Every structure is written in C-alpha cells, then in structure tokens.
Amino acid sequence: MYKYDEIDQRLVDERVAQYRDQTRRYLAGELSEEEFRPLRLQNGLYIQRHAPMLRIAVPYGMLSSKQLHKLADITHKYDRNYGHFSTRQNLQLNWPKLEEIPDILAELATVEMHAIQTSGNCIRNITTDQFAGVAPDEVVDPRAMAEVMRQWSTFHPEFALLPRKFKIAVSGTKEDRAVVQMHDVGMEFYLDGNKKVAIKVWVGGGLGRTPILGAVIREHLEWQHALTYCEAIIRVYNLHGRRDNSYKARIKILVKALGIDEFRSQVEAEWAHLKDAPNTITEAELARVAKHFEAMPYAALPAHDASFDAAIASNPAFANWAKRSLHAHKTAGYRAVTLSLKPHGKAPGDATSEQMHVVADLAEQYSFGELRVSHEQNLILADVKLSDLFAVWEKARANGLATPNIGLLTDIICCPGGDFCSLANAKSIPIAEAIQMQFDNLDYLHDIGDIELNISGCMNACGHHHIGHIGILGVDKDGSEWYQVSIGGSQGNNASIGSVIGPSFSAEEMPAVVQKLIDVYIKERTPEELFIDTARRLGVAPFKAYVYAKDEVVA
Amino acid sequence: MSQLIKLNDNVAHIAENEWAVVQLPPSLVEARKQAGKVVLFKLTGEKTVSEEQLSGTVIPESGKVIVPLSVFIARKTQLQSRINAGEIGVWVDTHEVLADLALHQADLNQLPIIAVHVERFADGRNFTLGVLLRTRYGFKNELRAIGDVLRDQLFFLKRSGFNSYLIRADRNAEEAMLSLKDFSAPYQGAVDEPRPAFVRYNRTA
C-alpha cells in the first residue's frame, strides 16, 4: 500500500500543528462556536450526544497491520476500548475528548494517518472496492488513481468550503462494488478500444434526503485528465450549487435543476480552460504511486490445497464460514477473507481494541501485513493462502470475528444512529440487534440466502438504506421514533433505489415486519431467485399486503 | 492598528488601507441574492440591485474607492476619468458573475484593485472567483478579500490568488498572518504555485 514520503509526512505533521492551534484558540474563546465548526468538521470532529465523535480517515479502506495496532491503542487510550467502522470505510471514535483530539492526531501522524476532510463541506474520503487489486473481475486496479486523487483533494484551496459535502468513488471492476452511481462523482475505470486506461464519469448521484442515481457526464476520459475534469465539475458546483438551503445543496440538486446536458456543457466549457493544466497527471507520477500497489510476492501455488479440502469436508462449522466469508482471488491458491464485524446482537461495524490487535496480527502473519475496510463495515484480509485459512478461522472465531453471515440477512449495514449521532431521528443499532436475534439461526439464514439489509437513523442515509434489498429508515413522528421500510433497492451495476412499502412501524414491530417480508419471499421465490429478484419480479404489492394484513382474530 | 494584510513577493506584512469601500444603500425590497438563485438570475436576467440603489449610491468625490460591481457598470461613464486616474476599484459579491465585469471593463488591469466580498466566511465561492480572476481574466493587480475574512481561510485565499486580506475588525491581523504559512508543501497546483507537488519535487526516490 502507499507509503508516505517526506512531502506526505510534512503535510500531516503541519496539519497536527494547525489543528492544535485551532483547538487552543477555540478553548481560549478566540474562535466562536460557529467559526470553529467547519474547522473541526473538516477534521472529522462532530459534537454528539454524549461526547465528540472523531472520524479517522482510512483512504480507500486500506490499512497496514501497524496502523491497525495504532488504532487499537488509540481506542484503548482515548476511548472506551472500541471503534466503529463506517460505511465510508473510515473508523469512528465515539468517546474522545475534544481537548485530546490534537494528541490523537499526533499519534495518527506517526503511522501515516489523519482525519483530514472526513467531514464538512469539502471533498471527502475517496472510496473504492474492498477487493481492489485481487478481484478476478478487475480490469484496472483503481488504488493508485485513488491515492493520486486523495493527494489532489487534500486541502484543495478552491474547494475548501463547498456548498455541501462531496463524495467521490472509484472502481475498476466489471461488477461495481464501489457504488459509483451513488456518489457526487463516480469514476469507473476501463480499458478503451486502444487498450488505454479510460474513465467513465458519473455525476450527481447520492443518497440522503433525495436519493438519485448519478448520470453519465462523460463516457470516455483519458486517465491523465481525472483531476482537471473533477476541477471543472466541482468549480461549476462551487459557483452555482445552492447555499441557501443545506437540504438542497448537494451537486445532485444542481444537476437535476440544470439537467445533465446543460450541466455537462457548463463543465465542458470550464474544462476547455483546464485541460492540460499542470494538475494533469503525468505518467511518472502514476507510475510512482502505482509502485506501492504492485502485486504481493505471491507463492506459486496449485489451485487446490489438500488440507483445506479436508478441513471443509470434516468440519461443517468451518465449511459454513468458508462458504460465506471467502472470495475468489486473481492468484491461484489464495483467497480474500471477510472477517465479520456483525456478530448477532452487537452493534454492526464495531470492533474492540483487542479485536483490532487480533486482526492486525492475522494480517501480519497471513496477509502481507495489510487489510481493508469494506463499505459493508467488515474487515478484509485480501491475500490468504488456502492452507492458512483454517488457522485464520480458528483465531477469528475465538475472537468473535467469524460469524458466517457475510452477505446474509444479519450482515446488516447500519449507521451509529440515535444512540450516538446528534443528526439521527431514531436509533438504528437496537433495531439491527433485534433483527439479528430474530434470525439467529444459521441454517435458516443460509436458506434465505444473499440479501442486504441496510439501516439509517435519518435521511442522511449513512446506513445506505435506499440501496438495501430491505431498507430501514428511522423517522421522527411527533417526537417518537418510527421506521419506514423499503424493498427492492440494490447496489452494483444494476443499482436501484428501494420503494417504500407503506406507513412506518414502531421499533418493537420491526423484527416481525422483516420476518413477514422474508416469509413472502420464501413462499413466492422460484428455486434460483434471491430476495432482490423476487422483490423486483413481484413489486411491492404482495409484500405490502402481507405485512399490513390485519391479524386474524383466532376464535 | 490596520486590519489589512498584504502579500508582496510571498512576504506578508500589515499595511495601511488606502481604499475606501463604497456600499450600496439598503434596498427597500427584500434582497434576493441567495446562492443557487444566481443560476435563475442568469437565465431570467433578473437584476439583484434596484435602480434606486444604483443611483442612490454615494461615491466620495475624491480618493481611492472600491465601488460595487453593479454601480461600476451602471455609472461607468461618470467614473471614467477617475478610472483613468487609477482611483477606482471594483468589488464583487460571491453570487455575482465575473463575465459581467469583463463585459464592461475589457482591460481589467486598468483597475488597481478588485475585491471579493464574502458575507459569511463559510461561503467558498470567493476561492473560485479569485482563481478565475487570476487565471481566466488575467488580472494582475491587487486582489483583496473583504467581509467575513478570518485567519483560518487565509491559506486557501492565498493559494486562490488573493494577495490582500482585510481581516474582520474584531480579530487580530498580526496573529492571523501566521496562518498564511500553515502548509509548506501543498499537493495540488493552484494560482500561487501552479505546479503540483509531483512536478515540483523529485518524488521518485
């Protein structure tokens, strides 16, 4: 993965000093609450219900063992011994002290980490596929470009105070796993007719209050122009995006107001001036960064391993886990492994300090010292030998990291919700936990099969509820917490936004509501159908009818 | 003490403010200049400033003055001799359109100063306006940030082409000056240094 040089290190060190002074001035009363707000937000610091929340950047989801050990130490020293991995592949601390944030940043800087632009109205952490570099369907490894874009976006002076947050995702696979259509800008890398790396650029997608799939603004962009083209897009947005109403300030609203054709022509007019400007990426720079993402020194292995096959045959628990948690790898004899942060009855995405140390050790011992965070809020060891999988499983299982539910109903994507977040309308974690307990039966879960259930505690949609096969949204009605349910949303190439099935439910009703949705699916499915297929084929009606049917009075 | 910071050859210093800013008289109708509606103004040609405001703006008879863009455009003939004498600058609001200025003043460098007024410091349109004035319109003279100008935006203002900053009256300009040096080796090319780090430094080591 990318290693800092002197330039990178100097920048994060100077950032620590800058933020330390900003905090000092705030505490001394030299900065008002309102003035400090964007400063702390651009450093990932929210003021929450119980304490500030600090969001630490994990650029495009990649971590080294050393970094994860440090994060474990930080959560131990400055927080309550755990952290929360978010849907933007970042790590959130729920209980840090405002005065200690500069010290946390200083510790992060020692392992080439920071919290720059993890919140606020600026370009946020750039996300990508958690299997980048190892996925068999990968056409272009997007990580080098993601790093080039990370550097470009860091403290970009022109875009320091945008109308609203700005999220970019990059992807280089046949099957999109980075949800590029749901981002302010999505970049899909591919090889064009001349076998050159090109980018299909999407703009104006997003979740939140007004979920919209992005539109294609440019089918073919040579990779060298990625930065200048983004500058053209964001410049038009910076000047013309709404600033009078934060609910209507995302780029998607501007794109919709102008229409994609008018927006495109304004961007192209701007880009005519910016094209070939000095921010054009050079071959040398891409090569320098790409060196950090070269293939690991893999051993030459056969496609099968006898010890692995034997363990699968003799140990059903291991076989169950392997079925859900292993992913194909470019290299023969290797697998990518998802470690579940979704044990039933615990907050999705949370990891204790001890678990972080365990995962860091596993990565060190079995996966070249690196790991990834997925936007589904799990941890990935990307490069494990078949012959090591049993040992990885045993250690993961002993530490609560091997729930065999990856991709199943209880692998719930969930925001921190009303327990922690001051934006939330309703709690989300207790709903996730209750649903996990309702379906705490592995055979049944496997029978239900692949399904995505996403929960957000408010319109901001951190839990990506719109693109869940089942989506749950916390809403506030007259001061009490209710939950709106949608079905038929999906990520991937065939992305779609779910349809609301009807009036919302109380928290207590939610496990039974999900149960009824599953019952309809089980009853109606054809042998090859997943939940999403049945939901798409039948539409909302049969689900709605069953969920809202009056309970029959038993005589 | 003066609230004005000026940058000469990348060296910042506190300077005397020679320029008076001319304000529009308050409008009787509710101001409709919120962001986002600009697009609408452009499409409909709706004016943000009334005729009464334009004719009622009091411009001092002598001395160096920075006038609002709308007044500059409306009363340019009247101001022409003072423009020739280098006594007139122009200030724009963040919702205003630079093309309007360029349309009425072909040679921007006839103006010794252009100021961008930011009503709320969190409004980042001033950065783009600075960039455009420098790179698109070739403005070479003093570019000043006025209004809600605070220390923690100075580094970005500098990189966006501003070389003059009128710090909000209740803040210490001397201290604010320090933040112009928050970062010594920024990554991306911008107005003050168009070459990105990967061009400026040999990073292949």
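FRET efficiency for A:Lys523 and B:Tyr201, Cβ-Cβ distance as r, R0 = 60 Å, nearest 0.05? FRET efficiency, A:Lys523 to B:Tyr201: 0.40.
Computed with a 1.4 Å probe over protein heavy atoms only, the accessible area of A:Phe293 comes to about 20 Å².
For the peptides A:411-422, A:101-112, what is the packing order when you average, over each peptide's residues, the other Cβ atoms within 10 Å and list the highest mean first?
Values: A:411-422: 24.0, A:101-112: 19.2.
So the order, starting with the most tightly packed, is A:411-422, A:101-112.
Where both partners of a DSSP beta bridge lie in the protein assembly as shown, what percent of those bridges are antiparallel, to the nearest 5?
Working: 57 of 87 bridges.
Antiparallel bridges make up about 65 percent of those DSSP assigns within the protein assembly as shown.
Listed by chain and number, the lysines placed with their C-alpha closer than 23 angstrom to that of A:Lys523 are A:Lys544, A:Lys550; residues fewer than eight positions away on the same chain are left out. Local charge for A:Pro430 was computed over the other residues whose Cβ lies under 14 Å away, with Lys and Arg +1 and Asp and Glu -1, and equals -4. Cut-off under 25 Å on the C-alpha distance; same-chain residues fewer than 8 positions from A:Lys195 excluded. Which lysines are left, in chain and number order? Those lysines meeting the cut-off are A:Lys174, A:Lys275, A:Lys291, A:Lys330.
Cysteines in chain A lacking any other cysteine Cβ under 4.7 Å from their own Cβ: A:Cys122, A:Cys230, A:Cys414, A:Cys421, A:Cys458. Please say if chain B is rounded, prolate or oblate, where rounded means a/c under 1.5 for a ≥ b ≥ c the square roots of the C-alpha gyration tensor eigenvalues, and otherwise the choice is prolate for a/b larger than b/c and oblate otherwise? Taking the square roots of the gyration eigenvalues as a ≥ b ≥ c, chain B is prolate.
Restricting region B:90-161 to GluC sites (Glu not before Pro) that sit in a DSSP loop and have at most 16 other Cβ atoms within 10 Å of their own Cβ leaves B:Glu119.
The residues of region A:413-548 expose, per residue, 39 Å² of accessible area to a 1.4 Å probe. With unit charges on the beta carbon (Lys/Arg positive, Asp/Glu negative), name the residue among A:Tyr190, A:Ser246, A:Val203 whose Cα is farthest towards the positive pole of the charge dipole of region A:188-275. Selected residue: A:Ser246.
Could you tell me the calculated FRET efficiency between B:Glu52 and A:Val216, based on Cβ-Cβ distance and R0 = 45 angstrom, to the nearest 0.05? The partial results should precede the final answer.
Values: r = 48 Å, r/R0 = 1.06.
Efficiency for this residue pair is about 0.40.
Given Cβ point charges of +1 (Lys, Arg) and -1 (Asp, Glu) and nothing else, what value in debye, to the nearest 20, does the dipole of region A:165-204 about its Cα centre take? Walk me through the numbers on the way to the answer.
Numbers: 7 positive and 5 negative charges, 18 e Å.
Roughly 80 debye for region A:165-204.
Label-to-label distance, A:Tyr444 versus B:Asp107, with points set 7 angstrom from Cα along the beta-carbon direction: 8.3 nm. Net charge near A:Asn454: determine it from the other residues with C-beta under 11 Å of the C-beta of A:Asn454, scoring Lys and Arg +1 and Asp and Glu -1. Cβ neighbours under 11 Å give a net charge of -3.
Using +1 on the beta carbon of Lys and Arg, -1 on that of Asp and Glu, and nothing else charged, what's the dipole of region A:6-109 about the Cα centre, debye to 20?
On the way: 15 positive and 15 negative charges, 79 e Å.
Dipole size: approximately 380 debye.
For region A:148-237, the list of trypsin sites (Lys or Arg not before Pro) that fall in a loop by DSSP and count at most 16 other C-beta atoms within 10 angstrom reads A:Lys174, A:Lys195, A:Lys196, A:Arg209. Overall, region A:164-237 carries a charge dipole of about 220 debye about its Cα centre when +1 sits on the Cβ of Lys and Arg and -1 on the Cβ of Asp and Glu, all other atoms neutral. Report summary: the helix-based calculation at 222 nm, which adds -39500 (n - 2.57) for every DSSP H run with n ≥ 4 and divides by the residues of the protein assembly as shown, gives -10000 deg cm²/dmol. For the protein assembly as shown, the share of accessible area belonging to carbon and sulfur comes to 52 percent (1.4 Å probe, ligands and nucleic acids excluded).
If you average the C-alpha positions of region A:1-55 and of region A:276-315 separately, how far apart do those two centres end up, in angstrom? Cα centres, region A:1-55 to region A:276-315: 34 Å.
Taking a ≥ b ≥ c as the square roots of the eigenvalues of the Cα gyration tensor, chain A is rounded, since a/c falls below 1.5. Once the 1.4 Å probe is applied to the protein heavy atoms, region A:143-291 comes out at 33 Å² accessible per residue. In the context of the full protein assembly, A:Val514 retains an accessible surface of approximately 0 Å², using a probe radius of 1.4 Å and ignoring ligands and nucleic acids. Within the same chain, lysines fewer than 8 places from B:Lys6 are excluded, and of the rest, those with a Cα less than 22 Å from its Cα are B:Lys64, B:Lys140, B:Lys158, B:Lys181.
Sort region A:462-543 into rounded, prolate or oblate with this rule: let a ≥ b ≥ c be the square roots of the eigenvalues of the Cα gyration tensor; rounded if a/c is under 1.5, and if a/c is not under 1.5, prolate when a/b is larger than b/c, oblate otherwise.
oblate
The values are calculated or read from the model by the stated rules, or taken from the named source; none is laboratory data. This is a predicted model, so every value here is computed, not measured. Here the Cβ is made from the backbone with ideal geometry for all residues, glycine too, and neighbour counts use every protein chain on show. For accessibility, only protein heavy atoms count, side chains too; no ligands or nucleic acids. Shrake-Rupley method; radii C 1.70, N 1.55, O 1.52, S 1.80 Å.
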